[in-house]
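Bear in mind these aren't lab numbers, they're just calculated from the coordinates by the rules spelled out. Every value quoted in this text rests on a predicted model; they were computed, and no experiment measured them. Here Cβ is always computed from backbone atoms with ideal geometry, including for glycine, and neighbour counts include all displayed protein chains.
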Number of protein chains: 2
Amino acid sequence: MLAMTKKTGYGLIAMTHLAQLGPEGLASAREIAEEYTIPLALLMNILKELAAGGYVQSVRGARGGYRIARPAASVNFVELMEILEGPMKLAECIRGEVDDDAHSKCKLMPKCPIADPVHRVHRKIRDFLSDLTLADVLQPKTREPAVAGEG
Amino acid sequence: MLAMTKKTGYGLIAMTHLAQLGPEGLASAREIAEEYTIPLALLMNILKELAAGGYVQSVRGARGGYRIARPAASVNFVELMEILEGPMKLAECIRGEVDDDAHSKCKLMPKCPIADPVHRVHRKIRDFLSDLTLADVLQPKTREPAVAGEG
DNA sequence: TTGAAATAGTACGGTAGGGGTTCTATATAG
DNA sequence: CTATATAGAACCCCTACCGTACTATTTCAA
């Protein structure tokens with residue numbers, strides 16, 4: 001419960017790897033898969049999705065691979081997660097951007113006593129994850145007011 | 001992804017309902033299930049687990065039911081979740097209390113570049129959820145330093 | 001004393017999504 | 001022209017989630 005999928009994990013790893021290589025650095029799916037012991041075919045699928053989402057740029061053909069397409073500081077966790085897994089929803093009743101009638105999907109909405117708290121928790125987690133960027137992974141922030149309160 | 005299970009949702013609803021009835025108030029699984037349109041058999045299973053965990057006290061026989069067994073302010077979300085779903089783990093490499101070799105389960109731990117950030121996120125979410133209690137659900141907190149930073 | 005209503009315990013089953021593989025097509029360096 | 005890469009799509013297995021069902025036991029009440 002409240003678990004991150006492996007897909008997201010692998011995607012994060014690939015992105016951090018590419019970010020470390022800088023804006024010109026190129027790495028193939030094979031290289032990354034071997035470096036971190038990730039199933040190659042799966043990582044290829046993930047990189048395809050990241051390319052489709054504009055997070056990495058692909059270079060086809062021999063000696064090809066992927067390079068990062070956006071500054072590390074501009075890529076946050078929520079974006080990445082949602083590209084790979086669809087909208088983040090703590091519960092069914094969380095309404096998305098477009099899908100506005102998410103409430104109607106949950107039969108017990110009209111009387112639900114926990115709708116408000118659940119929505120608050122959802123926003124809290126989402127806000128936190130959207131403040132966290134790839135840059136923070138590369139260089140762990142020691143102290144930062146925006147996401148402070150750490151133990 | 002990052003979703004709360006329905007089991008936890010139903011459990012929270014049942015707990016808030018019982019909390020509202022006060023320390024003496026009794027409600028049967030049937031009553032709660034009908035009130036919130038929750039599948040009866042499922043809710044019964046959940047209440048059994050909550051009883052086994054000491055969160056509610058059961059009264060057997062006709063006119064029986066459940067009453068809350070702990071002050072609402074002392075029951076936090078993490079506890080409740082973990083009773084119903086097992087240990088909360090954002091990723092496999094999160095080590096539990098007993099299960100100390102969780103690291104070894106993830107083959108890419110030695111080189112994993114995202115282990116630290118993932119652990120930080122895990123702790124952050126966990127800390128937040130453990131500060132949130134049933135009492136907060138009953139009476140939504142308007143402002144509270146310990147969990148401040150809300151939008 | 002008997003039946004209805006409740007919990008206790010346990011086992012079972014359907015389904016969706018996570019995790020991973022495979023196949024074909026296309027591009028490109030050497 | 002071949003090896004190496006990505007592009008696209010389909011496929012499969014397995015687990016966990018969600019829900020059901022059955023039996024046993026307790027207790028109230030007529």
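Remarks
- 10 Å Cβ neighbours from other chains, averaged over peptide A:77-90: 2
- Average other protein chain Cβ within 10 Å of Cβ, residues A:112-125: 6
- Mean Cα-pair separation over length for region B:6-68, i.e. relative contact order, pairs under 8 Å, 6 or more apart, %: 41
- FRET efficiency, residue A:45 to residue A:5 (Cβ-Cβ, R0 22 Å, nearest 0.05): 0.95
- Neighbours of residue B:8 by Cβ distance under 12 Å: Lys/Arg scored +1, Asp/Glu scored -1, total -2.
- Taken along the Cα-to-beta-carbon direction at a fixed 7 Å, the label points for residue B:57 and residue A:37 span 5.1 nm.
- Taking other Cβ atoms within 10 Å as a rough exposure proxy, B:1, A:15 sort from fewest to most as B:1, A:15.
- Alpha-carbon gyration tensor eigenvalues x 5, square-rooted, for region A:6-68, Å: 15, 12, 12
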